[in-house]
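The values are calculated or read from the model by the stated rules, or taken from the named source; none is laboratory data. Remember, predicted model here, so these are calculated numbers, not experimental data. In this analysis, Cβ positions are derived from the backbone assuming ideal geometry, glycine residues included, and neighbour counts consider all displayed protein chains.
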Amino acid sequence: MENRQEIEDAKKAALEVLLHNAHGPYSGLPRTAGWGYPEPYTRDLMFSILGIAITGNIKLLGSIRKVLETLAKNQTSHGHIPSLVHDKEDRGSSDTTPLFLMAVGIYRKVLAEPDFLAEAVEKALIWMEYQSPSDRYLVAQQPTSDWRDEQWVTGYGLFVNTIVYSYLRLLGKDGRAEHIRSEMGRFTIVDGSGHHHQHEGLVVKHKPYFAFWSYKIHSSERFDLLGNALAILSGLATPSRANEMISWIEDECEAMRLRGELSLHLPPNFFPYIRPEDAEWLPRYLIYNNPGEYHNGGIWPFICGLYVAALVAAKRFKLAREKLIALTHLVTLSGSGELQFGFNEWIKAQNGIPMGQDWQTWSAALYLYAAKCVELNETPFFEEMRNYH
């Protein structure tokens, strides 16, 4: 198998990163990054369970159990999960509670403990039911409340709703999951003349992907790689839509490379980039979110790991291996320039320079998950979800 040794070396390094980060200065909870982020950020650690679960490593499984149990203790009386594992006062994220539910669903399967954190799960499920302004099924959010803390997502965001769908399937809430699928399958309202009986959805006319977000007569049809990769993995995207979407992504990335907007053979997290002349541009983006950077088109290894998994889900096995090799090269990059494997947080799209923190927990964890998916030609924890079609 081509590049086998490179992949094996990267897997070994990823495990080393996770073990290094498994015990940090905050109540012994894991670190979010090897040096730059000593805090235990909830969303990062919830995503990392995908990589941790497939290692079977006892220390890592024990570490993530402590994270989940601590989150349950710090859950609010209404069921909301905090943004920092150790700080019950750090609240307001739209994705931490659904990610907690997804992570518990995965952990229950791995450890065969179907009632693990049952009380906290029930409270969190009720909290999530109250996150729909229309009192239906799609959940809404405030701007900068999900992982995009420097980018506006208003109303029904794709990413959060794919997580909601995933945890509902994992926890056996199939009836509610079907309602989510149905509501997401409606078109966004683009003519500005929505009627009171119309309900917005996340399908974009004449495009194979789901909209970035939608709310009443407003929406963004820019492409969100994380949300769409999860839509493919979970089966929200039908096999035909998934296949068409992947071909579209690869064609768009090739066009961006020809225009000098992308230098690597992995997709940015978001495109087309928001530019200063665009209506969506906000003054603060000039500091943190320039085109091709951070949430505005940076290349995130953890998201690329999920894209590789989505390629496996769509049975694009050859392309999945090619992208895993590209990701293997990407995770060697480090901000310090002194590490054999940097597992950096994010990389500037136009020049491939690492711009985030090295030894990022979710970068290492999702690399391991991607490698396992390619090895098995399967996507652990998501296979059953896609069988509902």
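In segment 316-338, the residues that are in contact (Cβ under 8 Å) with a residue 60 or more places away in the chain and assigned to a helix (DSSP H, G or I) reach residues that are among the acidic types (D, E) and surrounded by fewer than 19 Cβ atoms within 10 Å (Cβ to Cβ) with C-beta atoms within less than 7 angstrom, at least six apart or across chains, in these pairs: T328/E6. Look at A229 and say whether it is under 20 Å from E378 (Cα atoms) and either at pLDDT below 95 or touching a Leu at 6+ places or on another chain (Cβ under 7 Å) (or both). Spelling it out, A229 is indeed under 20 Å from E378 (Cα atoms) and either at pLDDT below 95 or touching a Leu at 6+ places or on another chain (Cβ under 7 Å) (or both). Selection of segment 202-243 for residues being outside any helix (DSSP H, G or I) and either touching a His at 6+ places or on another chain (Cβ under 7 Å) or free of Cβ contacts under 8 Å to residues at least 24 places away in the same chain (or both) yields V203, V204, K205, H206, G235, T238. For the residues S247, S214, S219, S240, the requirement of being closer than 28 Å to G352 by Cβ and more than 15 Å from the chain's Cα centre (by Cα) singles out S247. Among the candidates T76, T42, the residue that is crowded, with 19+ Cβ neighbours inside 10 Å, free of Cβ contacts under 8 Å to residues at least 60 places away in the same chain and of a type in the set (S, T, Y) is uniquely T42. Could you tell me which residue of segment 115-145 is nearest to Y167 (Cα to Cα), considering only residues that are in contact with a helix residue (DSSP H, G or I) (Cβ under 7 Å, 6 or more places away or on another chain) and of a type in the set (V, I, T)? Per the criteria, the residue is V121. From the list A349, A310, A364, which one is at pLDDT 95 or above, crowded, with 17+ Cβ neighbours inside 10 Å and part of a loop (DSSP other than H, G, I, E, B)? On inspection, the qualifying residue turns out to be A349. Being more than 22 Å from G56 (Cβ to Cβ) and in a loop (DSSP other than H, G, I, E, B) is the filter here; which residues of segment 25-35 pass it? Within segment 25-35, P25, Y26, S27, T32, G34, W35 qualify.
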